[in-house]
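Below is one structure; the comments refer to it alone.
The values are calculated or read from the model by the stated rules, or taken from the named source; none is laboratory data. Note that this is a predicted model, so its numbers are computed, not measured. Cβ placement follows ideal geometry from the backbone for every residue including glycine, while neighbour counts extend to all protein chains displayed.
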Amino acid sequence: MVEIIPSILVPTAAKCRSRISLLSRHEVAWTQLDVADGTFVPTQTFHDPEFIDGCKPRLAFEVHLMTNVTTDEISRWHYPWVKKIIFHLETTQEPRRILQAIGQLGKLAGIALNPETPVEAAQPFLGLTDTLLIMGVKPGWGGQPLLPETVPRLKLARQIHPHGNVEVDGGANLATVAQLAAAGANLLVIGSALHPKGFSSTFQQLTTLAHDAYQNPPSR
């Protein structure tokens, strides 16, 4: 199934609440919460799970940890609205232990790879992984242009994870979403391209473009 996943990458509690409200009004099924604390990427985002829980979210969240991940960090996200936890392979020497900790919480697990990390680095862990996330930009900042090497990386990700979710995060918009889906991404995270004004029409256009390209790729 091809899905557009709007992201929440915000600096303040007020902006977080506003984004959750926007996505809830438009009945979006999934959202990605970007979690950065300045350890893995220089930026910091608002990501207090207790505050978000207080917003009573009706969305399914995937939590994208752009942090130096530990099992303690994983346990912070044991909330019913968190359905998936994604961590960067570059942030731990014990990926199996992290994957097991996610599974013990009853969550889906995802592995994210920075642009410079070989896609094959994730292959030993895909049996424990629902989602293989390929970064289309350097992580930590919204609005960056898509890196050209993303398309061949997605094709390889689909080859080594043929029956799982292949996700792309960064650089996806109306101009690029079709080529990303055609390359094998069935989950596409969209941030700055989804503005509050015109949200519904843009979301629908992105969904249609991605679905058509994924189902009918020129070659993969």
Let me confirm something: among Val69, Val41, which residue is in contact (Cβ under 8 Å) with a residue 60 or more places away in the chain and either assigned to a loop (DSSP other than H, G, I, E, B) or surrounded by fewer than 14 Cβ atoms within 10 Å (Cβ to Cβ) (or both)? Val41
Filter region 133-189 down to residues that are β-branched (Val, Ile, Thr) and buried (at least 22 other Cβ atoms within 10 Å of the Cβ) and give me whichever is farthest from Asp37 (Cα to Cα). Val177
From the option list Lys15, Lys56, single residue qualifying as part of a loop (DSSP other than H, G, I, E, B) and among the basic types (Lys, Arg) is Lys56
Of all residues in region 174-197, which are out of contact with any helix residue (DSSP H, G or I) (no Cβ under 8 Å at 6 or more places or on another chain) and either farther than 30 Å from Pro11 by Cβ or modelled with pLDDT under 95 (or both)? Gly191, Ser192, Lys197
Can you find, within region 72-94, the residue that is nearest to the chain's Cα centre (by Cα) among those that are basic (Lys, Arg) and surrounded by fewer than 19 Cβ atoms within 10 Å (Cβ to Cβ)? Lys83
Residue satisfying condition, being at positive phi and of a type outside the set (Asp, Glu), within set Gly54, Gly38: Gly38
Can you tell me which residue within region 47-66, out of those that are over 16 Å from the mean Cα position of the chain (by Cα) and surrounded by 14 or more Cβ atoms within 10 Å (Cβ to Cβ), is nearest to Gly110 (Cα to Cα)? Pro49
